[in-house]
1. Which one is nearest to PRO11 (Cα to Cα), of the residues in segment 24-75 that are aromatic (Phe, Trp, Tyr) and under 28 Å from the mean Cα position of the chain (by Cα)?
2. For residues in segment 287-322 being among the small types (Gly, Ala, Ser) and not in a helix (DSSP H, G or I), which is surrounded by the most Cβ atoms within 10 Å (Cβ to Cβ)?
3. Suppose the filter is outside the structural domain of ARG80 (by TED's automatic domain parsing), in contact with an Asp or Glu (Cβ under 8 Å, 6 or more places away or on another chain) and not hydrophobic (A, V, I, L, M, F, W, C); does THR259 pass it?
4. Looking at segment 47-70, I want the residues that are on the phi < 0 side of the Ramachandran plot and in a loop (DSSP other than H, G, I, E, B) and have a partner that is surrounded by 14 or more Cβ atoms within 10 Å (Cβ to Cβ) and hydrophobic (A, V, I, L, M, F, W, C) with Cβ atoms under 6 Å, at least 6 apart or on another chain. Which pairs are those?
5. If you take the residues of segment 213-233 that are charged (D, E, K, R) and at pLDDT below 95, which of them is nearest to ASP338 (Cα to Cα)?
6. State all residues of segment 387-401 that are modelled with pLDDT of 95 or more and more than 16 Å from ASP359 (Cα to Cα); if no residue qualifies, say none.
7. Anything in segment 329-349 that is touching a residue at least 40 places away in the same chain (Cβ under 8 Å) and farther than 19 Å from ARG394 by Cα? List them, or say none.
8. Would segment 246-262 turn up any residue that is in a loop (DSSP other than H, G, I, E, B), farther than 30 Å from LEU50 by Cα and not β-branched (Val, Ile, Thr)?
Amino acid sequence: MIYLNREIARPLREALGDFPVVVIAGMRQAGKSTLLLNEPFLAGRTYVNLDDFASLMEARESPEAMLGQPGPLTIDEAQRAPDMLMAIKKLVDEKREPGRFLLSGSANFLLMEKVSESLAGRALYMYLRPMNRRECRESIKREPFISKALKEGEPKRVRGGASLIEDTEIIDGGLPSVCTGQVRQKERWFAGYEETYVERDVRNLANVGDLISFRRMLRLVANRTGQLLNISQLASDAGTSVPTARKYLSLLETSFVITMIPPYLSSRTTRLIKTPKVFVTDSGLAAHMVGIRSLSGDSFRGHLFETYVAQNLQSILEAHASNARLYFWRIQGRYEVDFIIEAGEDIIAVEVKAATRWDSGDLAGLNAFLKAEPRCRTGLLAYNGTEMAKLGDRLWAVPLDTLLS
């Protein structure tokens with residue numbers, strides 16, 4: 001197997017030079033173990049995987065012996081032994097040495113009570129998303145288009161060279177086994193992924209007695225990817241209570257199967273209480289759970305394109321613009337912009353269109369946002385074409401291929 005370099009490698013190396021504990025989290029099969037075992041600068045570390053039964057038992061029963069090994073230590077699937085984190089806390093407090101512990105896991109440690117409390121102030125958290133297009137195309141050495149746009153304001157015109165994003169890329173998503181062509185029967189692979197996730201990760205994170213109800217919720221959420229989250233409606237459709245629906249959604253978010261994007265509002269405090277958009281973290285997994293094998297003529301095509309763009313933007317921004325935050329903008333019944341990227345005082349608005357053409361109506365949301373937010377440096381209509389075009393003051397049409405390059 002050929003290892004494809006990941007964007008997170010550079011900031012990870014920098015983090016290990018500054019922090020005693022670094023945590024890499026991300027959804028199952030996103031490539032965390034492959035990264036830990038193949039990045040050259042991690043070669044000198046002792047590697048322990050808690051998927052191994054003996055290692056797991058040692059981490060739970062005698063963590064001091066495991067953690068007392070000489071040299072820097074990498075512990076994969078660390079969320080399986082949350083009590084071990086208290087021992088790490090003790091060792092770090094006794095000797096604060098940069099890069100001493102590198103932890104990874106398929107759960108968001110910040111949402112796990114025992115873990116977040118024990119590592120507070122001692123760890124830097126990083127996230128490994130599904131592979132983005134830059135990683136799949138082995139082009140991560142170039143500065144991303146979106147980070148250059150944040151620094152420079154309006155983008156520099158690029159003529160030609162862009163290619164269409166094929167529907168198969170959206171349906172495959174970014175989980176390495178699928179998007180790199182390692183598996184032939186993709187539907188069976190996704191079915192196995194879903195089965196493993198429900199039977200193993202969900203049971204490991206929480207006591208869910210009714211797995212059938214949880215599976216129903218999982219698929220209902222997939223059918224709403226890229227849309228506003230309505231918990232009451234979800235609970236009704238799933239035939240469960242609102243508190244149970246909230247518990248299930250929390251589990252899905254903790255295990256990185258879904259991600260929430262909050263609304264952009266003038267007041268930062270109100271962003272925390274308004275309705276977010278929900279996205280399945282990988283467009284390929286979303287397509288599988290919805291039962292889509294072809295996007296041709298499917299009304300769900302736009303939502304899956306938006307999901308794919310979301311996972312790419314998150315991956316790129318977290319590696320190259322760590323202060324950037326992703327939002328959406330919506331005025332009820334009037335205007336909407338799919339993504340607002342805010343990095344300090346710099347803002348970029350992005351509207352996603354899966355088609356190869358656009359009309360003036362597709363610009364309404366961007367024009368409204370540019371008028372409402374003078375700090376916005378540029379509005380980008382990201383469409384599935386091949387040419388850039390300036391459409392007005394601070395307004396551009398940009399190929400999706402360019403946006404994600």
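1. Taking segment 24-75 first, the residues aromatic (Phe, Trp, Tyr) are 41, 47, 53.
Still in the running and under 28 Å from the mean Cα position of the chain (by Cα): 41, 47.
On the way: PHE41: 12, TYR47: 20 Å.
This residue is PHE41.
2. Within segment 287-322, the subset among the small types (Gly, Ala, Ser) is 287, 291, 294, 296-297, 299, 302, 310, 315, 319, 321-322.
Filter once more, so that each one left must be not in a helix (DSSP H, G or I): 291, 294, 296-297, 299, 321-322.
Values: GLY291: 11, SER294: 11, SER296: 6, GLY297: 6, SER299: 7, ALA321: 18, SER322: 10.
Within segment 287-322, the match that is surrounded by the most Cβ atoms within 10 Å (Cβ to Cβ) is ALA321.
3. On the way: outside the structural domain of ARG80 (by TED's automatic domain parsing): yes; in contact with an Asp or Glu (Cβ under 8 Å, 6 or more places away or on another chain): yes; not hydrophobic (A, V, I, L, M, F, W, C): yes.
Spelling it out, THR259 is indeed outside the structural domain of ARG80 (by TED's automatic domain parsing), in contact with an Asp or Glu (Cβ under 8 Å, 6 or more places away or on another chain) and not hydrophobic (A, V, I, L, M, F, W, C).
4. LEU50/LEU56; LEU50/ALA59; LEU50/ALA81
5. Initial filter on segment 213-233 (charged (D, E, K, R)): 215-216, 219, 224.
Still in the running and at pLDDT below 95: 215-216, 219.
Working: ARG215: 28, ARG216: 27, ARG219: 23 Å.
Per the stated criteria, the residue is ARG219.
6. LEU400, ASP401, listed by residue number.
7. ARG330
8. Restricting attention to segment 246-262, the residues satisfying the condition of being in a loop (DSSP other than H, G, I, E, B) are 255-257, 262.
Filter once more, so that each one left must be farther than 30 Å from LEU50 by Cα: 262.
Retained after the next criterion (residues that are not β-branched (Val, Ile, Thr)): 262.
Looking through segment 246-262, at least one residue is in a loop (DSSP other than H, G, I, E, B), farther than 30 Å from LEU50 by Cα and not β-branched (Val, Ile, Thr).
The values are calculated or read from the model by the stated rules, or taken from the named source; none is laboratory data. Source: prediction; values computed, not measured. Please note: Cβ atoms are built from the backbone with ideal geometry, for glycine as well, and neighbour counts cover all protein chains shown.
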